[in-house]
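Below is one structure, written out as structure tokens; comments come after it.
The values are calculated or read from the model by the stated rules, or taken from the named source; none is laboratory data. Everything numeric here is computed off the predicted structure, so don't read it as measured data. We place every Cβ from the backbone using ideal geometry, glycine too, and count neighbours over all the protein chains shown.
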Amino acid sequence: MMFRIFGVRLKCISALVVICMFSPAASPAAIPEYSAISVEAETGLVLYEKNADTVRPPASMIKLFQMLLVSEGLEEGRWTLEQPITASRKAQHMGGTQVYLEAGDTFSLEHLMHAVSVASANDAAMAVAEGLWESEEAYLAAMNEMAAELGMESSEFNSVHGLPPDRGEDPDKTTARDMALLGRACVKVPQLLEWTSMRELQFRPGEALKYTTNKLMRRRDDMDGLKTGYIRAAGFCVTATLQKNGIRVISVVMGHTDKKERFDLAERLLDEGVALVRRDVFLPEEGSAVEGIGVGNCEVETTDLFASDGITLLTRRDEFDQIEIVYDHPKSLKAPLKKGDKVGTVSAVLGTTVLAERDLLVTEDLPEAGWGWRIEQTVLGWFGSN
């Protein structure tokens, strides 16, 4: 019969930092003033949200997909950074932010990706999409397939660049929550972060420098991405990230009415997010998880159990002391058992949510006792009971 041992509630020795963020409810009759969300990158733990599920255009933040798809292709060996890309007439006439490609201009894939990431160049984005996927339609299919794989359930993308749709075309749509999912995928890719970390670019010899559209990159050195966006229908947008003290946080702001305040809000959410998260070892990787459990039908009277792996969690500081370690195993074991056999579980639990679970394993072989030992124990039992 199994039983549950609720471990001692883990107490936080240090003072807890509790950050209170108020999210006012939006009027159902009006489009919310802006959307925002911040998440811990590794786990997706939501640290703050406001109107995070409101559907909006992403504007140029959509170009993060191109950076991710190209990085994936580079890693798989489908193309190289030195690969030449030739601009089409369609790329030449993209409009909006651009590096003024002419039809027939040829640049390396790497150089065009620099133009996409630093200058948010729409013509460069179209040239890459057509050059690597052979058509805009094939690229859009790949982009939407990746969005589905990432779980971006509220999103639909119909452009390479995020510009407003032409008459008869469908707009791009997504949410701050979905963009956070995309951001989490992006920060796992060193090549992509290298691109989004660039602060300036000279696209052609002798031309003036082009500076990153992400002003947060100019404010501080610990920022390494990711992408801004603006069209009238989208408002001012940014997906940003930083890593500090081993904690990486992503913030997304969409639909803001002020160009500068978009960055101020994103920066504040990042700093507050880092302060709100802590990483702690709840169960060491080495050592016994349960000591001295009795063993029946075996010459070994007691043994220890060990966990299949340690438990290290990233948690909100204001939830840390609510996490419990829960053991679930028999009161005693019965031979025969082999080293490594699973006999229970150990879990880290917050309320009714299991944050992590590990198997409890036998630390040694526990063979069934022979008849001689059993008879001896029976006889000793007789004398011991008199």
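Within segment 290-343, the set of residues being assigned to a strand (DSSP E or B) and closer than 10 Å to Val362 by Cβ comprises Ile293, Val295, Thr303, Asp304, Leu305, Phe306, Leu333, Leu337, Lys342, Val343. Here Gly370 meets the list (1) over 30 Å from Gln243 (Cβ atoms); (2) modelled with pLDDT of 90 or more; (3) exposed (fewer than 15 other Cβ atoms within 10 Å of the Cβ) almost entirely, failing just condition (2). For segment 274-315, a residue qualifies if it is of a type in the set (Asp, Glu) and either surrounded by fewer than 14 Cβ atoms within 10 Å (Cβ to Cβ) or in contact with a strand residue (DSSP E or B) (Cβ under 7 Å, 6 or more places away or on another chain) (or both), and the qualifying residues are Asp280, Glu285, Glu286, Glu291, Glu301, Asp304, Asp309.
Just one residue in the set Thr241, Thr213, Thr175 is of a type in the set (Ser, Thr, Tyr), within 30 Å of Gly77 (Cβ to Cβ) and assigned by TED's automatic domain parsing to the domain that holds Gly77; that residue is Thr241. Filtered by the rule that a residue be surrounded by fewer than 20 Cβ atoms within 10 Å (Cβ to Cβ), of a type in the set (Ser, Thr, Tyr) and under 27 Å from the mean Cα position of the chain (by Cα), segment 131-173 gives a lone residue, Ser154.
Search segment 199-216 for residues being surrounded by fewer than 17 Cβ atoms within 10 Å (Cβ to Cβ) and of a type outside the set (Gly, Ala, Ser), and hand back the single one that is nearest to Lys259 (Cα to Cα). Across segment 199-216, the extreme among qualifying residues is Tyr211. Do we have any residue at all in segment 257-269 that's modelled with pLDDT of 95 or more, farther than 20 Å from Arg199 by Cα, in contact with a Phe, Trp or Tyr (Cβ under 7 Å, 6 or more places away or on another chain) and part of a helix (DSSP H, G or I)? Scanning segment 257-269 turns up at least one residue that is modelled with pLDDT of 95 or more, farther than 20 Å from Arg199 by Cα, in contact with a Phe, Trp or Tyr (Cβ under 7 Å, 6 or more places away or on another chain) and part of a helix (DSSP H, G or I).
The lone criterion from (1) under 12 Å from Leu69 (Cβ atoms); (2) in contact with a Pro (Cβ under 9 Å, 6 or more places away or on another chain) left unmet by Leu150 is number (2). Here Glu49 passes the criteria (1) in a loop (DSSP other than H, G, I, E, B); (2) more than 22 Å from Pro171 (Cβ to Cβ); (3) charged (D, E, K, R) except the one numbered (1). Within segment 178-198, is even one residue hydroxyl-bearing (Ser, Thr, Tyr), assigned to a loop (DSSP other than H, G, I, E, B), surrounded by 17 or more Cβ atoms within 10 Å (Cβ to Cβ) and touching a residue at least 60 places away in the same chain (Cβ under 8 Å)? No, segment 178-198 contains no residue that is hydroxyl-bearing (Ser, Thr, Tyr), assigned to a loop (DSSP other than H, G, I, E, B), surrounded by 17 or more Cβ atoms within 10 Å (Cβ to Cβ) and touching a residue at least 60 places away in the same chain (Cβ under 8 Å).
Across segment 57-78, the qualifying residues are those that are crowded, with 24+ Cβ neighbours inside 10 Å and not aliphatic (A, V, I, L, M), and the one among them that is farthest from Ala233 (Cα to Cα) is Gln66. Here are Asp328, Asp271: which of them is assigned by TED's automatic domain parsing to the domain that holds Gly235, charged (D, E, K, R), out of contact with any Asp or Glu (no Cβ under 6 Å at 6 or more places or on another chain) and surrounded by fewer than 20 Cβ atoms within 10 Å (Cβ to Cβ)? From the options Asp328, Asp271, the qualifying one is Asp271.
Here Gly255 clears all of (1) at positive phi; (2) under 18 Å from the mean Cα position of the chain (by Cα) except the condition numbered (2).
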